[in-house]
Structures are given as structure tokens and as C-alpha cells.
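Here's a structure for you.
The values are calculated or read from the model by the stated rules, or taken from the named source; none is laboratory data. Since the model is a prediction, treat every value here as computed from it, not as a measurement. Cβ sites come from the backbone with ideal geometry, for glycine too, and all protein chains shown count toward neighbours.
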Amino acid sequence: MRAPPFSIVGFDLDGTLVDTVPDLAGAVNHVLAQAGRAPLDEDTVRGLVGGGTRHMLELALAKTGGADELLLERLLPELLSFYEAHIADASRPFPGAGEALRALRAEGVRLAVVTNKIGRLSRRLLEAVDLLDLVDTVIGGDEVERQKPDSAPLTAMVERLGGGRAAFVGDSIYDMAAARAAALPAVAVSFGYRDRPAEALGADALIDSFAELLPALEKL
Ligand SMILES: O=C(O)COP(=O)(O)O
Ligand SMILES: [Mg+2]
């Protein structure tokens with residue numbers, strides 16, 4: 001392989017590196033039951049992920065009878081503690097995710113996870129699925145002033161990893177908008193979570209599996 005034209009590659013977490021919906025849905029349904037609400041199926045929860053855990057809960061409440069601030073504040077800590085206890089019961093890396101990270105690393109590319117998920121939970125999840133040691137840094141949604149779709153987390157990534165040409169890989173409109181705002185080329189994964197067709201995300205490249213990532217980066 002030719003050396004990739006990037007010295008930094010960032011990855012979104014939920015729906016990009018790791019298929020987390022089973023455990024996220026479990027945690028959402030745990031608190032919906034506490035609120036006397038009907039459960040949501042995994043396909044529905046898949047469309048609610050991307051804007052952070054609080055946003056996911058807000059959307060889940062809106063879908064099951066209405067969200068109000070008080071209920072949201074009451075249920076959020078419960079959701080987070082349940083999710084932390086079950087963070088990798090069923091969550092698994094998408095096929096080829098670890099291999100792609102290793103291949104990029106072998107080329108000397110510095111790697112980051114940039115997620116709207118809380119940083120502590122993100123590291124816990126990455127550790128549980130054996131990906132934490134493969135990345136140089138993790139930036140959680142609570143660890144920057146503004147989360148994706150703002151450019152702030154991606155600007156922080158480039159700064160933290162010492163500068164250089166960077167690209168970002170994600171699954172949602174939040175990722176594509178953040179990359180655009182930070183003026184970074186963006187690769188979208190077609191297997192992730194989103195509220196619209198993958199072709200409508202506005203990515204610079206679209207991949208159907210991690211086997212396609214390195215060739216896609218070379219063409220950007
Ligand atoms: O937890 C979320 O809602 C989003 O997380 P992500 O930024 O890794 O997709
Ligand atoms: Mg995502």
C-alpha cells in the first residue's frame with residue numbers, strides 16, 4: 001500500500017467503530033419502563049443516536065409521550081448508570097474496524113476517537129471491545145466546549161495529535177457537518193446510524209465496509 005496521504009485520522013464511535021445500539025436500546029428501555037413508557041425497538045433507537053446520550057433520551061421521550069426537562073433530568077443519571085453497567089454486553093466493533101486501525105497505525109498515522117458520547121464511557125467501551133490501545137486519543141462530547149456538529153472536537157483532535165493533514169470517518173450528519181466546519185475531508189460509513197440515506201450525508205467518500213477505508217483515504 002502507498003502511504004496514506006493523512007497523518008491523522010479521526011473516527012466517530014457509535015455506529016462507526018462499534019455497533020452499540022443493542023446496549024443503548026437496553027438502557028433507553030430501562031428508563032422508559034421506569035417512566036411508565038412503552039419500549040422502543042432497536043431500529044427506532046438507531047435513528048436517535050449521534051447527538052449524545054442526553055439528546056437520545058430526549059428524542060426517546062418525545063417519541064413515547066413527550067419530553068419535559070424535569071423528567072429528562074431525573075432519568076438521565078439512571079440511564080447513564082445502567083448503560084455503564086451494560087456497556088459491552090452486546091456492543092461489538094463493526095467487522096474490520098480493529099484491522100483498519102492497525103493498518104493505519106502501521107503506516108504511522110495517528111488515530112483519534114471523536115465522539116459525542118461521554119468521554120469516560122467511551123474509554124470504558126473501547127477498552128471492553130479491545131480498541132482503546134489502538135488509538136492515540138479519545139475526545140468525548142463532555143470534554144470540549146461544543147460537541148459535533150461544531151468543529152471544536154475536530155480542531156482539538158488535530159491540535160492534540162500535533163497537527164498535519166487530517167480526515168474524519170463517521171456515520172451521521174453530526175460527523176459530516178463537524179468535518180465540514182473544521183475543513184477536513186469526511187468519509188461516511190454506510191452501515192452506521194443516521195436519519196437519512198447514506199448518499200444524502202454529503203460525505204467526500206462513502207464506504208460499505210472497513211476493507212474499503214484505506215483505498216478511500218488514498219483517493220481523497
Ligand atoms: O452517543 C451518541 O449519541 C453519539 O456518539 P457518536 O458521536 O460516537 O456517534
Ligand atoms: Mg455515530
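When residues of the range 149-177 are filtered for being in contact with a helix residue (DSSP H, G or I) (Cβ under 6 Å, 6 or more places away or on another chain), within 13 Å of ligand 2 (Cβ to nearest atom) and free of Cβ contacts under 8 Å to residues at least 60 places away in the same chain, how many remain?
Total meeting the criteria: 2.
Can I ask one more? Considering only residues of the range 154-205 that are aliphatic (A, V, I, L, M) and in contact with a Gly (Cβ under 6 Å, 6 or more places away or on another chain), which is surrounded by the fewest Cβ atoms within 10 Å (Cβ to Cβ)?
Met176
While we're on this one: Answer yes if at least one residue in the range 74-82 is acidic (Asp, Glu), surrounded by 15 or more Cβ atoms within 10 Å (Cβ to Cβ), more than 16 Å from ligand 2 (Cβ to nearest atom) and modelled with pLDDT of 95 or more, and no otherwise.
So in the range 74-82, the residues acidic (Asp, Glu) come out as 78.
Going one step further and asking which of them are surrounded by 15 or more Cβ atoms within 10 Å (Cβ to Cβ), we end up with 78.
With more than 16 Å from ligand 2 (Cβ to nearest atom) added as a condition, the list becomes 78.
Next cut, modelled with pLDDT of 95 or more only: 78.
Yes, some residue in the range 74-82 is acidic (Asp, Glu), surrounded by 15 or more Cβ atoms within 10 Å (Cβ to Cβ), more than 16 Å from ligand 2 (Cβ to nearest atom) and modelled with pLDDT of 95 or more.
Looking at the structure I just gave you, is Ala167 touching a Leu at 6+ places or on another chain (Cβ under 9 Å) and part of a helix (DSSP H, G or I)?
no
Which one of these is under 19 Å from the mean Cα position of the chain (by Cα), over 26 Å from Ala179 (Cβ atoms) and surrounded by fewer than 18 Cβ atoms within 10 Å (Cβ to Cβ): Ala88, Ala60?
The conditions single out Ala88.
The rows are residues; the columns are (1) more than 30 Å from Gly36 (Cβ to Cβ); (2) out of contact with any Lys or Arg (no Cβ under 6 Å at 6 or more places or on another chain); (3) not in a helix (DSSP H, G or I).
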site: Ser81; (1), (2), (3): no, yes, no
site: Gly108; (1), (2), (3): yes, yes, yes
site: Arg120; (1), (2), (3): no, yes, no
site: Asp133; (1), (2), (3): yes, yes, no
site: Glu143; (1), (2), (3): yes, yes, yes
site: Pro149; (1), (2), (3): yes, yes, yes
site: Pro153; (1), (2), (3): yes, yes, no
site: Ala156; (1), (2), (3): yes, yes, no
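A further question follows. In the range 20-54, which residue that is free of Cβ contacts under 8 Å to residues at least 12 places away in the same chain and in a helix (DSSP H, G or I) is surrounded by the most Cβ atoms within 10 Å (Cβ to Cβ)?
Asn29
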